[in-house]
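Chemist: One structure, as structure tokens, below. Some questions next.
The values are calculated or read from the model by the stated rules, or taken from the named source; none is laboratory data. Note that the structure is a prediction, hence the values are computed from the model and not measured. Don't worry about glycine lacking a Cβ; one is built from the backbone with ideal geometry, like all the others, and counts go over all protein chains shown.
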Amino acid sequence: MARSKLVFADVNGQKIAYDKTGEGYPLMLIHGYPETRREWRKVTPALAARFTVVAMDQRGYGESSKPAEEAAYDKRSSSQDALALAKHLGWDKFLLVGHDRGARVSRRLAADHPEAINGALLMDITPMEYVYSHNPGPWHWYFMLQRGLADELIGRDPRFYASHMFNRSHRPLDPDDVEHYIQSFCQPGAVEATLADYRTSYDVDRPRWEAENKNGRKIQAPLYLIWGGNGGQRDVPVLDVWREVAQDVRGEVVPDCSHWIPEEQPEVTVSHIFRFADELGLP
């Protein structure tokens, strides 16, 4: 079995931590909130049999840099980290997979640089502008916008807050993994970084997407969507919503699963990534 190797790269003005495993076609994995690159550990061994797999920590998360400026966390800036890392690795083109916040970064990269990727597989999201305008959405999206209040309440006991975020799993996550995520969330600068992630989503990313949609700009890179049948998208017409903003959309629901798809259903996750790669004609 291929073993992963932790590496750091100085790219786009940030120190980005990533694991690299396997030899094959380039595949980049971008985690969600409030996790780290560790969320991919159950799928990486199978993926590494076919791909060179790179699982990165987003800026503000895990062992990557945590800029102090709130403005540093818009999705375009984070997507530039991923693109710069790919160039650092010598990749001309790669397959992109993102979950949760990582899927939002992946969407931005797919929109801005379709020439850099074969396609993007996005897990358990709908467009953020749709969430804010059509759907009450997860409670923490709105809570984290409350400057001062959210900072104080989360900052007083980040362990309690992070623990609560994992209570909504349809299948309980591994306790060691949860403890890792909690410890990562409790690092200096981590709470501030994640608050900035959500605040720039509302203040910067949302109006940016709304303007692009109004101008008729659609994502040209192929998108493949999967979402948990027991998760937050269960009552949403996911594919129809995405077809409003993207040219090439496919995918399906993952039954018996909530939000944490790579950890709750790793084998199914791998099968969808392989299927998407096959449909794209990748080796």
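Chemist: Which of the residues spanning region 213-235 are at pLDDT 95 or above and surrounded by fewer than 19 Cβ atoms within 10 Å (Cβ to Cβ)?
Modeler: Residues satisfying the conditions are Asn213, Lys214, Asn215, Gly216, Arg217, Lys218, Gln220, Gly229.
Chemist: What number of residues in region 129-156 are aliphatic (A, V, I, L, M) and either touching a helix residue (DSSP H, G or I) at 6+ places or on another chain (Cβ under 6 Å) or assigned to a loop (DSSP other than H, G, I, E, B) (or both)?
Modeler: 4
Chemist: Here's something else I'd like to know. So, Leu195, is that one within 16 Å of the chain's Cα centre (by Cα) and either crowded, with 19+ Cβ neighbours inside 10 Å or not hydroxyl-bearing (Ser, Thr, Tyr) (or both) or not?
Modeler: yes
Chemist: Another question about this same structure. Show the residue pairs that are 6+ apart or on different chains and have beta-carbon atoms under 6 Å apart, the first residue being within region 1-16 and surrounded by 13 or more Cβ atoms within 10 Å (Cβ to Cβ), the second being modelled with pLDDT of 95 or more and among the polar types (S, T, N, Q).
Modeler: Partner pairs satisfying both residue conditions: Ala2/Thr21; Ser4/Thr21; Asn12/Gln80; Gln14/Ser65; Lys15/Ser65; Ile16/Ser64.
Chemist: Still on this structure: Test His259 against the criterion of being buried (at least 19 other Cβ atoms within 10 Å of the Cβ), assigned to a loop (DSSP other than H, G, I, E, B) and within 20 Å of the chain's Cα centre (by Cα), and give yes or no.
Modeler: yes
Chemist: Scanning region 79-93 for residues that are crowded, with 24+ Cβ neighbours inside 10 Å and in contact (Cβ under 8 Å) with a residue 40 or more places away in the chain, which turns out farthest from Trp260 (Cα to Cα)?
Modeler: Asp81
Chemist: Now, a different point. What pairs come up if the first residue lies in region 232-252 and is of a type in the set (Phe, Trp, Tyr), the second is at pLDDT below 95 and buried (at least 19 other Cβ atoms within 10 Å of the Cβ), and their beta carbons are under 8 Å apart, counting only those six or more places apart or on different chains?
Modeler: Close Cβ pairs (under 8 Å, with a partner that is at pLDDT below 95 and buried (at least 19 other Cβ atoms within 10 Å of the Cβ)) do not exist here.
Chemist: If you don't mind, there's one more thing I want to ask. Can you give me the number of residues within region 4-30 that are under 27 Å from Phe274 (Cα atoms) and of a type outside the set (A, V, I, L, M, F, W, C)?
Modeler: 11
Chemist: While we're looking at this one, here's another question. Take the conditions under 22 Å from Ile226 (Cβ atoms), at pLDDT 95 or above and of a type in the set (D, E, K, R) and apply them to Asp124. Does it pass?
Modeler: So Asp124 fits the description; yes.
Chemist: May I ask you to list the residues in region 153-198 that are more than 21 Å from Trp40 (Cβ to Cβ) and of a type in the set (D, E, K, R)?
Modeler: Passing the criteria: Arg156, Asp157, Arg159, Glu192.
Chemist: Okay, next question. If we only count strands (runs of 3 or more DSSP E) wholly inside region 1-79, which ones have 1 or more residues that are modelled with pLDDT under 95?
Modeler: Those strands (runs of 3 or more DSSP E) span 5-11.
Chemist: While we're on this one: Mind telling me which of the residues Leu122, Leu85 ends up being touching a His at 6+ places or on another chain (Cβ under 9 Å) and not β-branched (Val, Ile, Thr)?
Modeler: Answer to the selection: Leu122.
Chemist: Could you list, in sequence order, the residues of region 100-133 that are surrounded by fewer than 22 Cβ atoms within 10 Å (Cβ to Cβ) and without any contact (Cβ under 8 Å) to a residue 60 or more places away in the chain?
Modeler: Asp112, His113, Glu115, Ala116, Val131, Ser133
Chemist: Among the residues of region 29-56, which ones are buried (at least 24 other Cβ atoms within 10 Å of the Cβ) and farther than 30 Å from Arg159 by Cβ?
Modeler: The answer is Leu47, Phe51, Val53.
Chemist: How many residues does region 177-203 contain that are closer than 28 Å to Ser133 by Cβ and without any contact (Cβ under 8 Å) to a residue 12 or more places away in the chain?
Modeler: Selection size over region 177-203: 1.
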